[in-house]
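Colleague: Can you read through this structure? Questions will come right after.
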Amino acid sequence: MTLNDLINQAREALQTAIGARQREQDALLALREDPSLTEDAVTAQVTARDTADAEVTRRQTALDELLAEQAREEEIAALSARVAPTGNRPPAYDRVGRVGAEERIYRQDLDKRGSGFQRDVAAAFLGDYEAQARLARHMQEERVERGDQLRAVGTGAFGGLVIPQYLTDMYAPQAKANRPFADACRRHTLPAQGMTVEISRVTTGSSVDNQSAENAAVAEQDMDDTALSIPVRTAAGQQTASRQSIERGAGVEDVILDDLFRAYGTRLDTTLLNVATVGLSAVATAVAYTDGTPTTAELYPKVIEGLAGVESALLDQASGDNLAVMHSRRWYWMQNAMGTSYPLITQPGVIAQTLGANYAEAYGRGVRGILPNGTPVIVDNNVTIGAGAGTNEDEIYLVDRMECHLWEDPDAPVYIRAEQPKAGNLGVLMVVYGYYAFTFQRQPHARKIGGTGLVTPTFTGA
C-alpha cells in the first residue's frame, strides 16, 4: 500500500467520523425538543456527541501526520535529484542551485500574470491540500535558487510575494438574538392560501345544574363561539451586492445569506414577543414584582404566582408543558443567587437544596435549565429591556407551550436571487422572505412578571 493510498483511507475515515458526529448532534437537537426531556438523557447524548467529536479530532490528526510525511518525502525526492551524480555534468559556473531537468511549479514564461500561484494561495486557505503542497514545493525551489538573495532582506521587500493571509472561513458574523422562543413554540404548517387564519373559540359554554324536582326542566345554556382572526405576516429583507463582489470575492454570497437568514429569525421572534396588541407582552396578564432591593428568593414566589395564574386560566385545557421565557441577564442573575432556604416540596429531577438546574446549553440551543418547580427556561434576548419609569426593566413570561401557536411555511425563509432588475448596474439582488402567523389567544392564559424588581440586575450573590 502506498502513502497516497493511506492518505485516501485517512480522508475517508475522517469524512465518516464527521458524518457520525453530525448524526449525534442532530439526535441531541431532536432530544431537546422532546416534551419528556430528562437531564440524564441529555447528558448521555452530550457524552455521545463529545465522543464523536474526539473521533473527528483523532482522524484529523492522523490525516495531518500523513500529509506532513508526504510533503517530507517530496522534499527528500527533490533533494536526491539535485545531489545525485550525473557523470558528465559540467563544472558549476556560478552558485545557482538547479533541479536537473525538472520544471518549476510556477513558470513565468507560461503564466506571466502569476494567476496559477494566486489561485493556489486562495485554495490553500480553503483547505486544498494539493494547493498547499504546490506552494510548499515552490518555496523550496525559491530557497535553492535564490536563497542568498532572500536571506538578506525582510518581507517588506517582497510586497508582491508575501501575500496577506485572508482567513475567509473565520469571518465574524454580526451577532443577532435570533429565535429561541419561536423555536420553542408549538409549530404548525401554514396553510397554502389566505392571509388570515381563523379559529373558532367557544366563549359561552353549556350549563349543567342539579334538577330541582322530578320532571322539572333541566339547565340549558345555548353555546356560542367567537372567531379568532389571526393575520398572516410577511417578514422580508434584501441586500444588493455588486457582481464583482460575488464573482471575484470569496464566499460573499454565503456571508450575506447567513446574515439575512438570522435577521429573519430575529424579526420573527421579536414580533412574537413584542408586537403591539397581539404580542406575548401585550396579551399576558401582569404579575407585579415591586422591590427596591430585589433578590432571586423574592422573585421566585412571583414565578409560582404566574404559573398558578396560567393553570387557573386554562383549567382542564392545561397541558402542564409550561415555559418561563426571560432575558439572559435575568437568567444569569438568578444563577448568581445564594441562599439557605430550601423548598418545602421537592420536584422531580431537581435537587432540593438548589434553586433549579442549569443545563449549560449555548444561547439559542433550546432549554437552558429548569426552575425549582421543574419549569423549563428559555433564554431569549429579544425580550425587551426598557419597561418601567427607569426604562431599564425586563419581563419574565410564563406560558403553556401548547398554547403558543406558530404557523410557518415549511420552506421559510425563501431565498430569491434576482440578476435582471439590477443588471444595468452589474448588481445582484438577494431577497429573503417568509410568511407566518401566531397567537397566544386561542386559550388566553399567559402571565408576565414586571416591575421595579426587574431593573438592571446587580450580581451581589444575594
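The values are calculated or read from the model by the stated rules, or taken from the named source; none is laboratory data. Since we're looking at a predicted model, the values are computed, not measured. Glycine also receives a Cβ, built like all others from the backbone with ideal geometry; neighbour counts cover every protein chain displayed.
Colleague: All but one of (1) modelled with pLDDT of 95 or more; (2) not in a strand (DSSP E or B) hold for Gly461, so report the exception by its number.
Modeller: With respect to (1) modelled with pLDDT of 95 or more; (2) not in a strand (DSSP E or B), Gly461 is out only on (1).
Colleague: Any chance you could count how many residues in the range 241-251 are surrounded by 13 or more Cβ atoms within 10 Å (Cβ to Cβ) and either more than 24 Å from the chain's Cα centre (by Cα) or more than 13 Å from Met170 (Cα to Cα) (or both)? Spell out how you get there, then give the answer.
Modeller: To start, the set of residues in the range 241-251 that are surrounded by 13 or more Cβ atoms within 10 Å (Cβ to Cβ) comprises 241-243, 245-246, 249-251.
Filter once more, so that each one left must be either more than 24 Å from the chain's Cα centre (by Cα) or more than 13 Å from Met170 (Cα to Cα) (or both): 241-243, 245-246, 249.
So the answer is 6.
Colleague: Does the range 297-308 contain any residue that is surrounded by fewer than 18 Cβ atoms within 10 Å (Cβ to Cβ), in contact with a helix residue (DSSP H, G or I) (Cβ under 8 Å, 6 or more places away or on another chain) and not in a strand (DSSP E or B)? Lay out the reasoning, then the answer.
Modeller: Start the filter on the range 297-308 by keeping residues that are surrounded by fewer than 18 Cβ atoms within 10 Å (Cβ to Cβ), which leaves 297-298, 301, 304-305, 308.
Keeping just the survivors that are in contact with a helix residue (DSSP H, G or I) (Cβ under 8 Å, 6 or more places away or on another chain) gives 298.
So of that shortlist, the ones also not in a strand (DSSP E or B) come out as 298.
So far as the range 297-308 goes, yes, one or more of its residues are surrounded by fewer than 18 Cβ atoms within 10 Å (Cβ to Cβ), in contact with a helix residue (DSSP H, G or I) (Cβ under 8 Å, 6 or more places away or on another chain) and not in a strand (DSSP E or B).
Colleague: Considering only the range 178-249, give the strands (runs of 3 or more DSSP E) lying wholly within it that have at least 2 residues that are touching a helix residue (DSSP H, G or I) at 6+ places or on another chain (Cβ under 9 Å). Step through it out loud before you land on a result.
Modeller: On the way: elements: 186-189, 196-204, 224-231, 233-242.
Passing ranges, in order: 233-242.
Colleague: Just need a number here: residues in the range 402-421 that are in contact with a His (Cβ under 9 Å, 6 or more places away or on another chain) and of a type outside the set (D, E, K, R). Even if it seems obvious, please write down each step before you answer.
Modeller: Going through the range 402-421, the residues in contact with a His (Cβ under 9 Å, 6 or more places away or on another chain) turn out to be 403, 405-408.
After this cut, where a residue has to be of a type outside the set (D, E, K, R) as well, the list is 405-407.
Going through the range 402-421 one residue at a time, the tally reaches 3.
Colleague: Oh, and also: Spot the failing condition for Ala276; the list is (1) outside any helix (DSSP H, G or I); (2) touching a residue at least 12 places away in the same chain (Cβ under 8 Å), and only one is missed.
Modeller: The single condition Ala276 does not satisfy is (2).
Colleague: Specify the residue that is modelled with the highest pLDDT; the eligible residues are those in the range 55-79 that are out of contact with any helix residue (DSSP H, G or I) (no Cβ under 9 Å at 6 or more places or on another chain) and of a type in the set (Gly, Ala, Ser).
Modeller: Once the filter is applied, the top-ranked residue is Ala68.
Colleague: Then there's this: Are any residues in the range 372-429 without any contact (Cβ under 8 Å) to a residue 24 or more places away in the chain, hydrophobic (A, V, I, L, M, F, W, C) and touching a Gly at 6+ places or on another chain (Cβ under 9 Å), and if so, which ones?
Modeller: Selection gives Val414 alone.
Colleague: Kindly indicate whether any position in the range 254-272 is at pLDDT below 95 and either polar (S, T, N, Q) or in the same structural domain as Gln165 (by TED's automatic domain parsing) (or both).
Modeller: no
Colleague: Follow-up question, since we're still on this one. Within the range 413-428, work out how many residues are under 30 Å from Pro231 (Cβ atoms) and either of a type in the set (Asp, Glu) or surrounded by fewer than 17 Cβ atoms within 10 Å (Cβ to Cβ) (or both).
Modeller: 6
Colleague: When you go through Thr270, Thr290 one by one, which is the residue that is polar (S, T, N, Q) and part of a helix (DSSP H, G or I)?
Modeller: Working: Thr290 fails: part of a helix (DSSP H, G or I).
So the residue among Thr270, Thr290 that is polar (S, T, N, Q) and part of a helix (DSSP H, G or I) is Thr270.
Colleague: When the residues of the range 1-17 are narrowed to those that are assigned to a helix (DSSP H, G or I) and among the aliphatic types (A, V, I, L, M), which ends up farthest from the chain's Cα centre (by Cα)? Let's see the steps before the verdict.
Modeller: Applying the first criterion (assigned to a helix (DSSP H, G or I)) to the range 1-17 yields 3-17.
Pick out the ones that are also among the aliphatic types (A, V, I, L, M) and you get 3, 6-7, 10, 13-14, 17.
Working: Leu3: 39, Leu6: 36, Ile7: 33, Ala10: 30, Ala13: 27, Leu14: 24, Ala17: 22 Å.
Among those that are assigned to a helix (DSSP H, G or I) and among the aliphatic types (A, V, I, L, M), it is Leu3.
Colleague: Taking the condition of being under 19 Å from Thr189 (Cβ atoms), touching a strand residue (DSSP E or B) at 6+ places or on another chain (Cβ under 7 Å) and outside any strand (DSSP E or B), how many residues in the range 402-439 meet it? First the steps, then the outcome.
Modeller: Filtering the range 402-439 down to residues under 19 Å from Thr189 (Cβ atoms) leaves 402-414, 433-439.
Now drop any that are not touching a strand residue (DSSP E or B) at 6+ places or on another chain (Cβ under 7 Å), which leaves 402, 404-410, 412-414, 433-439.
Going one step further and asking which of them are outside any strand (DSSP E or B), we end up with 402, 404, 409-410, 412-413.
Summing the residues that are under 19 Å from Thr189 (Cβ atoms), touching a strand residue (DSSP E or B) at 6+ places or on another chain (Cβ under 7 Å) and outside any strand (DSSP E or B) in the range 402-439 gives 6.
Colleague: Just name the residue that is farthest from Arg417 (Cα to Cα) out of those in the range 200-238 that are of a type in the set (S, T, N, Q) and touching a residue at least 24 places away in the same chain (Cβ under 8 Å). Full working, then the answer.
Modeller: Taking the range 200-238 and keeping what is of a type in the set (S, T, N, Q), we get 200, 203-204, 206-207, 210-212, 215, 221, 226, 229, 234, 238.
Within this subset, residues satisfying the condition of being touching a residue at least 24 places away in the same chain (Cβ under 8 Å) are 200, 226, 229, 234, 238.
Working: Ser200: 40, Thr226: 43, Ser229: 34, Thr234: 18, Gln238: 10 Å.
Filtering the range 200-238 for residues that are of a type in the set (S, T, N, Q) and touching a residue at least 24 places away in the same chain (Cβ under 8 Å), the one farthest from Arg417 (Cα to Cα) comes out as Thr226.
Here is a yes/no grid of residues against (1) at pLDDT below 95; (2) under 21 Å from the mean Cα position of the chain (by Cα):
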| position | (1), (2) |
| --- | --- |
| Tyr359 | yes, yes |
| Tyr363 | yes, yes |
| Ile378 | no, yes |
| Glu395 | no, no |
| Leu398 | no, no |
| Cys404 | no, no |
| Glu419 | yes, no |
| Gly424 | yes, no |
| Tyr433 | no, yes |
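Colleague: Can you find even one residue in the range 209-227 that is at negative phi and surrounded by 14 or more Cβ atoms within 10 Å (Cβ to Cβ)? Step through it out loud before you land on a result.
Modeller: If we filter the range 209-227 for residues that are at negative phi, which is where we start, we get 209-214, 216-227.
Now narrow it down to the ones that are surrounded by 14 or more Cβ atoms within 10 Å (Cβ to Cβ): none.
Within the range 209-227, not a single residue is at negative phi and surrounded by 14 or more Cβ atoms within 10 Å (Cβ to Cβ).
Colleague: Have a look at Arg32, Arg82, Arg89, Arg11 and point out the one that is modelled with pLDDT of 85 or more and on the phi < 0 side of the Ramachandran plot.
Modeller: Numbers: Arg32 fails: modelled with pLDDT of 85 or more; Arg82 fails: modelled with pLDDT of 85 or more; Arg89 fails: modelled with pLDDT of 85 or more.
Exactly one residue qualifies, and that residue is Arg11.
Colleague: If you go through the range 440-458 one residue at a time, how many are part of a loop (DSSP other than H, G, I, E, B) and of a type in the set (Lys, Arg)? First the steps, then the outcome.
Modeller: Here is the first cut: in the range 440-458, the ones part of a loop (DSSP other than H, G, I, E, B) are 440-446, 451, 455-458.
So of that shortlist, the ones also of a type in the set (Lys, Arg) come out as 442.
Final tally of qualifying residues: 1.
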